[in-house]
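**Q** One structure, as structure tokens, below. Some questions next.
The values are calculated or read from the model by the stated rules, or taken from the named source; none is laboratory data. Computed from a prediction, not measured in an experiment: that's the story for all the values here. Neighbour counts are summed over all protein chains in view; Cβ atoms, including those assigned to glycine, are modelled from backbone coordinates with ideal geometry. For accessibility, only protein heavy atoms count, side chains too; no ligands or nucleic acids. Shrake-Rupley method; radii C 1.70, N 1.55, O 1.52, S 1.80 Å.
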Amino acid sequence: MNISSYLLFLLLAFTFNFSAGLIQSSHGFSINEATIKDIQQAFEDKTLTSRKLVEFYIQQIEALNPLLKAVIEVNPDVLDQADQADKERSKGGSFSGMHGIPILIKDNIATKDKLNTSCGSYALVGSVVPRDAGVVAKLRKSGALIMGKASMTEWGAIRAPKLPNGWCAVSGQGRNPYYLSGNPCGSSSGSAIAVTGNLIIVSLGTETDGSILCPCSHNSVCGIKPTLGLCSRSGMIPIAPSLDTVGPIGKTVTDAVYVLDEIVGYDEFDSEATNRSKDFIPKDGYKQFLKKDGLAGKRIGVVRTPFYNFPTGSPLHKLFADHIETMKKAGAVIVDKLNIPNIKTVLNPALTGESQVERFEFKAALNAYLEGLISSPVRSLAEVIAFNTKHPSLEKTPTYGQDMLIAAERTGGKIGAAEIKVLEKMKKIDKDGFVTLMEKNNLDAVVTPASQFSTVLAIGGHPGISVPAGYHPNGMPIGITFGGLRGSEPKLIEISYAFEQLTLARKPPFYQMLTKSQYTSTNEEGIASSSSDSLIEMITSPN
């Protein structure tokens, strides 16, 4: 894109955002940054229809997605779905909170419609799934509108270590709206980018280890990584069933909870996991735990090493110190300077067995998924690897290798005695570490900056919620993660909602438009310098 066309793009993008806001404001309502509750009220007041809402998001996608690469494709039937929702509401009656609300689905979650389910890979473009994923079926039943597919790090980042976060073979490099050369994180990058950039109101992501919590932290949105099995994984292209989960992403805790209420519960196609977790689901759903005083009386642990690794006196050190004080003033009991005795082991996937689990479970689970498709260009992991090596459609895409796919293919592809031993070791490490810490200190939650705690939560199937916490000096967002034991979503929702309402840390992106390299790596401390020269820097006014 040359400079003149780039500037034209910026003007068009800003015009779409600005004019859409004005159009809706003239009716006393603005779609930009609206919550699901706001939209439902606008539906009731007849100042907004589902069709107008979908048309707005289509405009936003057309204007901004060429730069952000957050959406792979829009459902060609979504306007018909919107019309049907409007027709249903016109007849009166009681509807779910998600009725008439469009939602974007991560591209590794199956939809039985005209959309692809490709996991970001050309190898699965054109494959035909037998049915909707379990969570998608529940969303359709609630009246939600399937808007399209969100981009993702190809194969959930399990293709190769060199694969950049947010890089999707089918749609390109996802970009962080707050700092375009910054790390969007992965693998649910598109799901987070689209929500924060006002391309959609809510989305679904998936997580094996950090794939919801990290992109939410990096893109200033709220993400819920549920207890393993709370939400069905049927129809989800797997990495490791012992670790995989599906979860909602929204600008607010409330929006994420609206989605969570609709996607939890038993599914016959993921019966073992969903049956084991069904008793965790509260009778009247999760919205009842959206309490402004939700921090009062909660025992929250602070595990400083190695998570609070900001230099003393730095802006981020002060930011999180202030947040801890805020929680104290709201009535939380802060149990500080805790240590997980085996933390070095927990954070080393080679020692816990997590990396082994991802290899041998991936091959077995992916082969089972591919064999269950009605039709597909590939039918096994071996065929995926061969496709990536030979298919002509890959000639125009960057090549990052597929070392991790090859390593998975070298495993036996079955869960035998040796594999069960590895899984049992991982459970014991979780029990001796995080579970013991929580029980010994009678904690309701642990709080850590950003998403570095994701591995601790992953190996035990524990839930976590990421909430916007602030911004690096360079503008990159950073979140705060509340994690707890399996089934502790009610407490985590109370805590995270109360924290969100007290801090109101999220600010919408103002699109710092940098035509630097498509991808610049970052860590949780900030942006690594890019080797490319800046061609142009332009900051538009905030929306």
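**Q** Identify, by number, the condition in (1) under 22 Å from Leu492 (Cα atoms); (2) in a loop (DSSP other than H, G, I, E, B) that Val302 doesn't meet.
**A** Val302 satisfies all of (1) under 22 Å from Leu492 (Cα atoms); (2) in a loop (DSSP other than H, G, I, E, B) except (2).
**Q** Still on this structure: Do we find that Pro248 is free of Cβ contacts under 8 Å to residues at least 60 places away in the same chain and under 14 Å from Met152 (Cα atoms) in this structure?
**A** no
**Q** Ok, one more. Have a look at Lys328, Lys363, Lys396 and point out the one that is over 22 Å from Ala160 (Cβ atoms) and either at pLDDT 95 or above or out of contact with any Gly (no Cβ under 6 Å at 6 or more places or on another chain) (or both).
**A** Just a single option satisfies the conditions, and that option is Lys328.
**Q** Give the residue that is farthest from Val467 (Cα to Cα), with candidates limited to residues of the range 428-455 that are of a type in the set (Ser, Thr, Tyr) and in a helix (DSSP H, G or I).
**A** Restricting to residues being of a type in the set (Ser, Thr, Tyr) and in a helix (DSSP H, G or I), the top hit is Thr436.
**Q** Separate question: Which helices (runs of 4 or more DSSP H) sit wholly inside the range 3-112 and have at least 3 residues that are modelled with pLDDT of 90 or more and either among the hydrophobic types (A, V, I, L, M, F, W, C) or touching a strand residue (DSSP E or B) at 6+ places or on another chain (Cβ under 6 Å) (or both)?
**A** By residue number, 36-45, 50-68, 78-90.
Table: residues versus (1) small (Gly, Ala, Ser); (2) within 20 Å of the chain's Cα centre (by Cα); (3) modelled with pLDDT under 95; (4) under 25 Å from Glu361 (Cα atoms).
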{"residue": "Glu424", "(1), (2), (3), (4)": "no, no, no, yes"}
{"residue": "Val435", "(1), (2), (3), (4)": "no, no, no, yes"}
{"residue": "Asn474", "(1), (2), (3), (4)": "no, no, yes, no"}
{"residue": "Ala498", "(1), (2), (3), (4)": "yes, no, no, no"}
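**Q** Give the range 412-427 a look and list any residue that's part of a loop (DSSP other than H, G, I, E, B) and open to solvent by less than 30 Å² (accessible area, probe 1.4 Å), or say none.
**A** Gly413, Gly416
**Q** Which residue, of Lys278, Lys298, Lys292, is in contact with an Asp or Glu (Cβ under 7 Å, 6 or more places away or on another chain) and either of a type in the set (Ser, Thr, Tyr) or modelled with pLDDT of 95 or more (or both)?
**A** Lys298
**Q** Any residue in the range 415-442 that's under 30 Å from Gly297 (Cβ atoms): show its pairings with residues that are open to solvent by 60 Å² or more (accessible area, probe 1.4 Å) and among the basic types (Lys, Arg) at Cβ separation under 8 Å, as long as the two are six or more apart or on different chains.
**A** Matching pairs, first to second residue: Asn441/Arg299; Asn442/Arg299.
**Q** Right, another one. Taking Asn348 as the residue in question, decide whether it is open to solvent by 30 Å² or more (accessible area, probe 1.4 Å) and either under 26 Å from Glu207 (Cβ atoms) or among the aromatic types (Phe, Trp, Tyr) (or both).
**A** Spelling it out, Asn348 is indeed open to solvent by 30 Å² or more (accessible area, probe 1.4 Å) and either under 26 Å from Glu207 (Cβ atoms) or among the aromatic types (Phe, Trp, Tyr) (or both).
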